[in-house]
Every structure is written in structure tokens, then in C-alpha cells.
Amino acid sequence: MLLYALDLSLTSEEGFEQVKACLTSPLAKLVIWGLLSALLYHLVAGIRHLIMDMGIGETLEGGKLGSKIVIAVAAVLIVLAGVWVW
């Protein structure tokens, strides 16, 4: 759906205005924020796994601390994404 919106917005000025009008609705903003939230959490968790692949935080205590850090950082980024979208 987002690829279709991108294609429509790039084809003409009218298409851009249609997409712009559609994305101003609260439901569309909620969907975009939800997608961004999932992507941001996935990004932060992926960075954690890369750090663990380097041998840092492989213990049980390190894993618990790492998961708490991931949740905290992801929560901050999700709130910032919500501010940016809304």
C-alpha cells in the first residue's frame, strides 16, 4: 500500500495531493506510527544482537540488562516517532 502511495505521489501533482490528503487522516497516521514502531523496535533489537555476536552481554545477567535497554531505547524512539508523525 505504501509503495502504491509513493508511486501515485510521484506520477503527478494531483496524485501527490491525493496521497497528502489521505495521509492526514488519523487512521493513516496511526497505521504509519504502528509500522514505524515495529521497524524501530526491530532495528534496536537487531543492534543488540550484533553486539551480542561480538561477545558482549552473552551471560544471563547481560541478556536481561540488554533486553531492558532495548525496551527503553525503543520506547523513547517510538514516542519520538509518534511526535514526528502527529
Of all residues in region 7-50, how many are more than 13 Å from the chain's Cα centre (by Cα), surrounded by 11 or more Cβ atoms within 10 Å (Cβ to Cβ) and among the aliphatic types (A, V, I, L, M)?
5
Residue pairs within 7 Å by beta carbon, gap of at least six or interchain, first lying in region 10-35 and free of Cβ contacts under 8 Å to residues at least 24 places away in the same chain, second surrounded by fewer than 14 Cβ atoms within 10 Å (Cβ to Cβ), listed first then second, are 28/22
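What number of residues within region 36-52 are of a type in the set (Gly, Ala, Ser), more than 14 Å from residue 79 (Cα to Cα) and touching a residue at least 12 places away in the same chain (Cβ under 8 Å)?
Of the residues in region 36-52, 1 are of a type in the set (Gly, Ala, Ser), more than 14 Å from residue 79 (Cα to Cα) and touching a residue at least 12 places away in the same chain (Cβ under 8 Å).
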Got a sec? Which of 69, 56, 78 is surrounded by fewer than 13 Cβ atoms within 10 Å (Cβ to Cβ) and either among the β-branched types (Val, Ile, Thr) or modelled with pLDDT under 95 (or both)?
56
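The values are calculated or read from the model by the stated rules, or taken from the named source; none is laboratory data. This is a predicted model, so every value here is computed, not measured. Cβ atoms come from the backbone with ideal geometry, glycine included; neighbour counts cover every protein chain shown.
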